[in-house]
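Read the structure below first, then the notes.
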Amino acid sequence: MGAEVAELVGQAAPYVSTAVSAYGAGVLSRAEDAAVDATANLGRRMLQLVWRRRDEQGQEELEAAVQDAAEDPDDEDAAAALRQQIKRTLRDDEELRAELANLLPSTTRTVTVTASGERAIAAQTINTAITGDNARLQP
């Protein structure tokens with residue numbers, strides 16, 4: 001489970017960071033802003049999900065971590081402290097892990113396509129392919 005949480009936090013981190021940069025310390029209480037890009041809005045939704053799952057003390061700790069990260073976006077320690085707050089919440093909440101994972105864009109898988117030989121064609125998906133001399137496409 002620890003590796004799963006770490007991977008999920010790692011995938012969410014760019015969205016959370018963008019949200020904190022775009023919204024600042026108010027990210028936990030702000031509504032979605034059409035002027036802010038989709039990445040920041042997704043990060044805002046993630047942070048708000050985590051915040052709602054915490055008790056009062058946990059919410060205060062998360063707010064403090066967000067405030068620190070917002071005040072100095074280049075501070076790696078502040079970013080790490082924010083990630084740690086998210087991890088603490090995810091460790092004990094399987095339902096939240098699933099919700100967060102569902103928010104993340106699906107990862108693209110790597111596809112390798114190889115063509116071998118004279119006039120060979122390689123494509124992941126193809127509609128029509130014609131090879132050879134004097135080939136004609138019949139409608």
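This model, with +1 at the C-beta of Lys and Arg and -1 at the C-beta of Asp and Glu, gives the range 2-103 a dipole about its Cα centre of some 340 debye.
Comparing Ala70, Ala40, Thr114 along the charge dipole axis of the chain, the residue lying farthest to the positive side is Thr114, per the Cβ-charge model. Quick one: plug the Kirkwood hydrodynamic radius of the chain (C-alpha pairs) into Stokes-Einstein at 20 °C, 1.002 mPa s, and report D in µm²/s. So the translational diffusion coefficient is about 122 µm²/s. Each residue of the range 87-101 was assigned a 3J(HN,Hα) from its phi angle through the Karplus expression (A = 6.51, B = -1.76, C = 1.60, θ = phi - 60°), giving 4, 4, 6, 6, 4, 9, 9, 5, 5, 5, 4, 5, 4, 5, 4 Hz with x at Gly and Pro.
The packing ranking of peptides 54-63, 78-87, highest mean first, is 78-87, 54-63, where packing means the average number of other beta carbon atoms within 10 angstrom of each residue.
Based on DSSP H runs of at least 4 residues, each adding -39500 (n - 2.57), what is the mean residue ellipticity at 222 nm of the chain after dividing by all its residues, to the nearest 500 deg cm²/dmol? Please report the intermediate quantities before stating the final value.
Working: 5 runs with 79 residues, N = 139.
So the helix-based figure for the chain works out to -19000 deg cm²/dmol.
Of the residues Ala120, Ala70, Ala101, the one that moves most in a GNM of the chain with alpha-carbon contacts below 10 Å is Ala120.
In the chain, taking the dipole from charged Cβ atoms about the Cα centre, the farthest positive-side position among Ala6, Ala101, Gln85 is held by Ala101.
Bear in mind that the values in this text are calculations on the coordinates, not laboratory data. Values in this document were obtained by computation on a predicted structure and should not be read as measured data. Cβ sites come from the backbone with ideal geometry, for glycine too, and all protein chains shown count toward neighbours.
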